[in-house]
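Student: Got a structure here, written out as C-alpha cells. Questions coming.
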Amino acid sequence: MSYAAIDAARVAKASESALQTLSTVKETSEAHQRKTIMIERIHALAKAAAETKDCNAITLTSEEFWLISKNW
C-alpha cells in the first residue's frame, strides 16, 4: 500500500467538495454509505490537522486519495 503526506488544508477542502458531490446523488446503497462515512472521517482528521499549530500535513493511503479525488 502506498502512503503520501499531503497538505491537510487541501485534503480538508477536497474531502468537503467530495462530500458535497456525494450528497447530491440519490444513492442509498451500503457501498455509498460506507464511502460517505470514510470521506467524512478523512475530512474530520484533515480539518483537525489543518487547525493544529505546526501541523500542516496528513498522511493518506493511495486508496483514500483515490476515493477523495474520484468524487472531487
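Bear in mind these aren't lab numbers, they're just calculated from the coordinates by the rules spelled out. Since we're looking at a predicted model, the values are computed, not measured. Please note: Cβ atoms are built from the backbone with ideal geometry, for glycine as well, and neighbour counts cover all protein chains shown.
Student: How long, wide and thick is the chain, going by the Cα atoms along their three principal axes, in whole angstroms, largest first?
Tutor: Taking the Cα atoms of the chain, the three principal extents are 39, 26, 16 Å.
Student: Same structure, new question: Applying the Karplus parametrisation 6.51 cos²θ - 1.76 cosθ + 1.60 with θ = phi - 60° to the phi angles of the range 51-64, what ³J(HN,Hα) value in whole Hz is obtained for each residue in order, glycine and proline being reported as x?
Tutor: Ordered by residue, 3J(HN,Hα) equals 8, 8, 4, 6, 10, 10, 9, 9, 9, 10, 7, 4, 5, 5 Hz.
Student: Between SER17 and ASN56, 0.36 nm times their residue separation minus their Cα-Cα distance comes to what?
Tutor: Result: 12.1 nm gained on full extension.
Student: Under unit Cβ charges (Lys, Arg +1; Asp, Glu -1), what dipole magnitude, rounded to 20 debye, does the chain have relative to its Cα centre?
Tutor: The dipole magnitude comes to about 120 debye.
Student: Return the single residue from THR28, THR36, THR59 with maximal mean-square fluctuation; model: Gaussian network over the chain, springs between Cα atoms under 10 Å.
Tutor: THR28
Student: For the chain, set up a Gaussian network in which alpha carbons nearer than 10 Å are linked by springs, and say which option among ALA48, ALA31, ALA14 fluctuates the most.
Tutor: ALA31
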